[in-house]
Amino acid sequence: YMQGQLLCGTSVGSIVMVSVKDATVTTLVMVHARAINACAVSPVGAPYYMTASEDRTIRRWSLQDLQLEQSVSVGLRCTAIAIAPDESLYAVGHRAGKFTVWDAPPPPQVPRCIVKNTQRTEDITDIKFSPDGRLLAASNREQSIDVFDIHKDFRRVATCTGHSGAVLHIDFSADGRYLRSSCTAG
């Protein structure tokens, strides 16, 4: 969500922008070869957003030019993406319980993978940085959420359990004290 506009990825590889005021839908781009599973806007309001797709790429898009700025092959089907609050990292969730973390230099420099993690066997469904950038949370279809400390080499520091269905979405509160989640059990 950004300035009254909601960006959405579709199952046919396009990005649409929906106006919250009048519900008009504008197609911005149609370029991923497979479904776009995740979209993240700049956490500091810079004019770009990132997408993650089943086509094994993450892509950076200009909100000013509505053009592709960069495409990076990550080698795995992508299910989720998050941008660190200081924009120094991208975290990408994947199928089969994997997630990767990439440094985030400005284009045309190419991001490089700095962390590969396989804590689970089921798909990562969502991934988020805490507002202070110290923690990374990854939800999964195994009905749990793993929390990792970025400053301790992404070591798992907590696992949240209690859902009776696959965890679908997670989000930190603005002050970073709480982690909210939803699941397939409603």
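The values are calculated or read from the model by the stated rules, or taken from the named source; none is laboratory data. What you see is a predicted model; the values in this text were computed from it and never measured. All Cβ positions, even for glycine, are placed from backbone atoms using ideal geometry, and neighbour counts span all protein chains on display. Areas reflect the complete protein model, heavy atoms only, side chains present, ligands, DNA and RNA absent. Shrake-Rupley method; radii C 1.70, N 1.55, O 1.52, S 1.80 Å.
Can you find even one residue in the range 125-135 that is at pLDDT 95 or above and farther than 28 Å from Ala174 by Cβ? Working first, answer last.
Within the range 125-135, the subset at pLDDT 95 or above is 125-135.
Subset that is farther than 28 Å from Ala174 by Cβ: none.
For the range 125-135, residues at pLDDT 95 or above and farther than 28 Å from Ala174 by Cβ: absent.
Based on what the data block shows, is Glu122 in contact with a helix residue (DSSP H, G or I) (Cβ under 6 Å, 6 or more places away or on another chain), surrounded by fewer than 17 Cβ atoms within 10 Å (Cβ to Cβ) and either among the hydroxyl-bearing types (Ser, Thr, Tyr) or in contact (Cβ under 8 Å) with a residue 24 or more places away in the chain (or both)? It would help to see each step written out before you state the result.
Values: in contact with a helix residue (DSSP H, G or I) (Cβ under 6 Å, 6 or more places away or on another chain): yes; surrounded by fewer than 17 Cβ atoms within 10 Å (Cβ to Cβ): yes; either among the hydroxyl-bearing types (Ser, Thr, Tyr) or in contact (Cβ under 8 Å) with a residue 24 or more places away in the chain (or both): yes.
Answer is yes for this residue.
So, in the range 77-131, how many residues would count as being basic (Lys, Arg), more than 17 Å from Ile150 (Cβ to Cβ) and assigned to a strand (DSSP E or B)? Spell out how you get there, then give the answer.
So the first thing to find is which residues in the range 77-131 are basic (Lys, Arg), and the list is 77, 95, 98, 112, 116, 120, 128.
Still in the running and more than 17 Å from Ile150 (Cβ to Cβ): 77, 95, 98, 120.
Subsequent filtering for residues that are assigned to a strand (DSSP E or B) retains 98.
Going through the range 77-131 one residue at a time, the tally reaches 1.
Only residues in the range 12-27 that are within 23 Å of Glu54 (Cβ to Cβ) and open to solvent by 70 Å² or more (accessible area, probe 1.4 Å) count as the first member; pair them with residues that are modelled with pLDDT under 75 and assigned to a loop (DSSP other than H, G, I, E, B), Cβ under 8 angstrom, at least 6 apart or cross-chain, and list the lot.
Every condition considered, no pair remains.
State all residues of the range 28-52 that are open to solvent by 30 Å² or more (accessible area, probe 1.4 Å), at pLDDT 80 or above, more than 16 Å from the chain's Cα centre (by Cα) and within 24 Å of Thr100 (Cβ to Cβ); if no residue qualifies, say none.
none
What about Gly93, is it farther than 15 Å from Gln143 by Cα, of a type in the set (Gly, Ala, Ser) and either touching a residue at least 40 places away in the same chain (Cβ under 8 Å) or crowded, with 19+ Cβ neighbours inside 10 Å (or both)? Can you show your working first?
Numbers: farther than 15 Å from Gln143 by Cα: yes; of a type in the set (Gly, Ala, Ser): yes; either touching a residue at least 40 places away in the same chain (Cβ under 8 Å) or crowded, with 19+ Cβ neighbours inside 10 Å (or both): yes.
Taking the combined requirement at face value, the residue satisfies it.
Counting only residues that are small (Gly, Ala, Ser) and on the phi < 0 side of the Ramachandran plot, which one in the range 71-90 is most open to solvent (accessible area, probe 1.4 Å)? Give the derivation first.
Filtering the range 71-90 down to residues small (Gly, Ala, Ser) leaves 71, 73, 75, 80, 82, 84, 88.
Checking the rest, the ones that are also on the phi < 0 side of the Ramachandran plot come to 71, 73, 80, 82, 84, 88.
Working: Ser71: 61, Ser73: 88, Ala80: 3, Ala82: 6, Ala84: 5, Ser88: 49 Å².
Per the criteria, the residue is Ser73.
Using the structure shown, decide if Leu68 is aliphatic (A, V, I, L, M), surrounded by fewer than 19 Cβ atoms within 10 Å (Cβ to Cβ), in contact (Cβ under 8 Å) with a residue 24 or more places away in the chain and in contact with a helix residue (DSSP H, G or I) (Cβ under 8 Å, 6 or more places away or on another chain).
Values: aliphatic (A, V, I, L, M): yes; surrounded by fewer than 19 Cβ atoms within 10 Å (Cβ to Cβ): yes; in contact (Cβ under 8 Å) with a residue 24 or more places away in the chain: yes; in contact with a helix residue (DSSP H, G or I) (Cβ under 8 Å, 6 or more places away or on another chain): no.
Here the answer is no, as Leu68 does not meet what is asked.
Could you please find all residues in the range 75-92 being farther than 15 Å from Arg60 by Cβ and not basic (Lys, Arg)? Give the steps one after another, and end with the answer.
Going through the range 75-92, the residues farther than 15 Å from Arg60 by Cβ turn out to be 75-77, 79-80, 85-86.
Passing the criteria: Gly75, Leu76, Thr79, Ala80, Pro85, Asp86.
Within the range 96-119, which residues are β-branched (Val, Ile, Thr) and either touching a Gly at 6+ places or on another chain (Cβ under 8 Å) or open to solvent by less than 20 Å² (accessible area, probe 1.4 Å) (or both)? Spell out how you get there, then give the answer.
Keep residues of the range 96-119 that are β-branched (Val, Ile, Thr), which gives 100-101, 110, 114-115, 118.
Residues satisfying the conditions are Thr100, Val101, Thr118.
Answer with yes or no whether Asp55 is outside any strand (DSSP E or B) and exposed (fewer than 13 other Cβ atoms within 10 Å of the Cβ).
When the stated conditions are applied, Asp55 does not pass them.
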